[in-house]
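To start, the structure itself, in structure tokens.
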Amino acid sequence: MTFHRVCSLDDLWEGEAAGYQVDGHDVLLVALPGGVIQAFQGLCPHQDIALAEGTLDQGMIVCRAHLWQFDAASGEGVNPKECSLARYPVRVAGEDILVSVEGVVPVRVGA
């Protein structure tokens, strides 16, 4: 599994989310309380809207277009429940955040 450097810990503070391109994939990095970093597909499964344009509020990733909500810790769907985000493996090496996109296919449900 190949991990790519995405950014540093200084670029993503606790309680923030940011979108990045990683080896051709749109990736949303989320910094959770306690220093936990998660990486999910960066586009909403509904209509490919960049999730970085939405909000991260009380542990929920919220798409700006239709307000779909996902749990920021797991990527599981909250509204609607039956749709989740693809999750990418993450490592922190020193001050660097690394993500692997190998073998992960973003979820798409259409309009």
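Observations, loosely collected:
- Taking every residue in region 11-23 that is on the phi < 0 side of the Ramachandran plot and pairing it with any residue that is of a type in the set (S, T, N, Q) and modelled with pLDDT of 95 or more, at least 6 positions away or on another chain, the pairs with Cβ-Cβ distances below 9 Å are Ala17/Thr55; Val22/Ser100.
- Residues located in region 85-103, provided they are out of contact with any Pro (no Cβ under 8 Å at 6 or more places or on another chain), under 19 Å from Val30 (Cβ atoms) and not in a strand (DSSP E or B): Pro89, Glu95, Val101
- One residue stands out in region 1-32 among those that are of a type in the set (Asp, Glu) and within 17 Å of Val101 (Cβ to Cβ): the one that is nearest to the chain's Cα centre (by Cα), namely Asp26.
- One residue stands out in region 32-41 among those that are among the aliphatic types (A, V, I, L, M) and over 12 Å from Val6 (Cβ atoms): the one that is surrounded by the most Cβ atoms within 10 Å (Cβ to Cβ), namely Leu32.
- Hits in region 64-99 - residues which are crowded, with 17+ Cβ neighbours inside 10 Å and either touching a residue at least 40 places away in the same chain (Cβ under 8 Å) or in contact with a helix residue (DSSP H, G or I) (Cβ under 6 Å, 6 or more places away or on another chain) (or both): Ala72, Leu85, Ala86, Tyr88, Val90, Ile97, Leu98, Val99
The values are calculated or read from the model by the stated rules, or taken from the named source; none is laboratory data. Since this is a predicted model, take the numbers as computed values, not measurements. All Cβ positions, even for glycine, are placed from backbone atoms using ideal geometry, and neighbour counts span all protein chains on display.
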